[in-house]
Amino acid sequence: MNSAWTIEITATAQKQIRKLDRQVARQIYRFLRERVATADDPRRMGKRLIAPGKEVWRYRIGDYRILCDISDERLVVLVVKVGHRREVYR
């Protein structure tokens, strides 16, 4: 069964994506649309990070990382932060 997850991107994350190289931004949007949104469980492709107060999931696209909050109740993957691996965790 293929459950459809909704991808929501915060205003901050949208701004971060707009600052990236156009090709990298396309790769990120394609990954979210084709892999994460169509997955039965989006956690399988990511890695769990422990952040103070909540659980954050990380997806890796080359040297870039997408940090997300996953809501099972609403079937939503909320993209919180996007950036190069050396900067995104700060």
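Only the coordinates and a few stated rules stand behind these numbers; no lab work does. Values in this document were obtained by computation on a predicted structure and should not be read as measured data. Positions of Cβ are backbone-derived with ideal geometry, glycine not excepted, and every protein chain shown enters the neighbour counts.
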(Q) Looking at the structure I just gave you, is GLY53 among the small types (Gly, Ala, Ser) and surrounded by 11 or more Cβ atoms within 10 Å (Cβ to Cβ)? (A) no
**Q.** Residues that are farther than 18 Å from ALA25 by Cα, in a loop (DSSP other than H, G, I, E, B) and of a type outside the set (D, E, K, R), drawn from the stretch 70-90
**A.** LEU75, TYR89
(Q) For the stretch 20-31, check the following and say yes or no: at least one residue is crowded, with 16+ Cβ neighbours inside 10 Å and either in contact with a Lys or Arg (Cβ under 6 Å, 6 or more places away or on another chain) or free of Cβ contacts under 8 Å to residues at least 40 places away in the same chain (or both). (A) yes
**Q.** Test: residue in the stretch 60-69 that is within 12 Å of the chain's Cα centre (by Cα) and either in a helix (DSSP H, G or I) or of a type in the set (Lys, Arg) (or both)
**A.** yes
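Considering only residues of the stretch 1-45 that are of a type in the set (Gly, Ala, Ser), outside any helix (DSSP H, G or I) and more than 14 Å from ILE66 (Cβ to Cβ), which is farthest from the chain's Cα centre (by Cα)?
Going through the qualifying residues, I end up with SER3.
Tally time: how many residues in the stretch 36-50 are within 16 Å of TRP5 (Cα to Cα) and surrounded by 11 or more Cβ atoms within 10 Å (Cβ to Cβ)?
Residues of the stretch 36-50 within 16 Å of TRP5 (Cα to Cα): 36-46.
Still in the running and surrounded by 11 or more Cβ atoms within 10 Å (Cβ to Cβ): 36-39, 41-43, 45-46.
Qualifying residue count for the region: 9.
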